[in-house]
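Novice: Below is a structure I'd like to ask you about.
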Amino acid sequence: MVAVKRMKTFEIVFNDPSKTFYCSGDKVAGKILVEVCEVTKVSAMRVLGVGCAKVEYAKGKQKCREENEYLRYEEVVQLDDHPVDQDGSVILRPGNKYEYMFGFELPQQGQIVSSYKGKFGYVQYYVKALMERPSQLALECKKNFEVEEPLDVNTPDLLSPTGGMKEKKVTCMFIPDGQVSLNAKIDRKGFCEGEDICISAKFENTCSRIVVPKAAIISKHTYQANGRTKIFRQKLSSVRGNHIISGMCDAWQGKTIRVPKIKPSMLCCNIIRVEYALMIYVHIPGSDKLVLELPLVIGTAGLGSRNNSVSSTEGSSSNASASWVSLRMPSAPPSYCDVTRDCSLDQPLTPLLDDYDGDDSPIFMHAAAFQYPPLPAYSEVDEEFNGNTRMLQVC
């Protein structure tokens, strides 16, 4: 509500306040509520529906600005069952509540883009009410609403796999020091919020340094204004693998990274573009990273039936894991109540590199001492199984 002189209430209320967003072709309808503190003469009540994309940033001393309009609606609304003067004005009196009704449809699909708010630009939609009064300045109030255009990722192009390979020769003081290579792929390019991206990859290290494979989901926001382009990149989530020593390789079989809560891709705006990618890279101490980027398209949640298939797949996988565990468990395990174990560790068992992406990351490992607990009353062998990774020697 906007508090102004002579006005007790002047605000816009949508017919469905619980509606979180609108799509192309939807009707935006509501009413303008007015209560006055003294007798007020209104010559016209105008309603504007506005949607625009705007980019603004500084490039040195130059201000770069660009604007695109996606919605422009204007209507003069009247009070129902209320007398109007010859000049078209009405008189509002204190103690009464007045409602001006309005409604308009959003443009069709392909002519409108989703709402957006970024570092150097935004896409905004709002309804504005203008109360025009004779011989006085017009009063106004405004209310924003969200637009989210559906983006279905269940298309043949987005359901097809994608991948690639990269390699990098490493040198030390201009002397060749072997190379690092990676080969990775994912089963599709289209995903929705909350889904897991399954990565299959192989990393080889023939240089003398210890390298670490990692993966991350990154966003790329592109802003265009005055013929110039500004790009803002951001890391959203990441995972890492085991360190790989010289002469060894590592394979990811089903390594997963979850899509966080993010806005869908925005690909149809002329001045703002939001894209995503899966960046698979290898951190090489003392050298630039080896990077492979696979494009992603983040769609609107709830479209298509893939969520059900994903759930069923996860269910079958969990059942398979449960059955596998049940085969390894003895039918009557012995009691460990009488066995005293002190498993506290000052340092991790497996020496790992610091998770740091800078060029000054340490390259040496430190093997930690470990005090083994006393043996149980019977002989047993503990096996460790990791379905995501396996270490192999480079052929």
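Novice: It is to be established whether one or more residues within segment 95-110 are modelled with pLDDT under 95, under 39 Å from the mean Cα position of the chain (by Cα) and of a type in the set (S, T, N, Q).
Specialist: yes
Novice: For residues that are within 14 Å of the chain's Cα centre (by Cα), in a strand (DSSP E or B) and in contact (Cβ under 8 Å) with a residue 24 or more places away in the chain, tally how many sit in segment 236-278.
Specialist: Summing the residues that are within 14 Å of the chain's Cα centre (by Cα), in a strand (DSSP E or B) and in contact (Cβ under 8 Å) with a residue 24 or more places away in the chain in segment 236-278 gives 11.
Novice: Applying the selection to segment 38-79, what residues are loosely packed, with under 12 Cβ neighbours inside 10 Å, part of a loop (DSSP other than H, G, I, E, B) and touching a residue at least 12 places away in the same chain (Cβ under 8 Å)?
Specialist: Matches in segment 38-79: Glu38, Val39.
Novice: Now for a separate question. Could you list all residues from segment 207-236 that are among the hydroxyl-bearing types (Ser, Thr, Tyr) and modelled with pLDDT under 95?
Specialist: Listed by number, the residues that qualify are Ser208, Thr229.
Novice: For segment 149-157, does any single residue satisfy the condition of being modelled with pLDDT of 95 or more and of a type in the set (Val, Ile, Thr)?
Specialist: Checked segment 149-157: no residue is modelled with pLDDT of 95 or more and of a type in the set (Val, Ile, Thr).
Novice: Then there is this: Considering Ala29, Ala44, Ala53, which residue is in the same structural domain as Gly121 (by TED's automatic domain parsing), more than 25 Å from the chain's Cα centre (by Cα) and under 29 Å from Thr300 (Cα atoms)?
Specialist: When all the criteria are applied, what remains is Ala29.
The values are calculated or read from the model by the stated rules, or taken from the named source; none is laboratory data. Every value quoted in this text rests on a predicted model; they were computed, and no experiment measured them. So basically every Cβ, Gly included, is an ideal-geometry build from the backbone, and we count neighbours across all protein chains shown.
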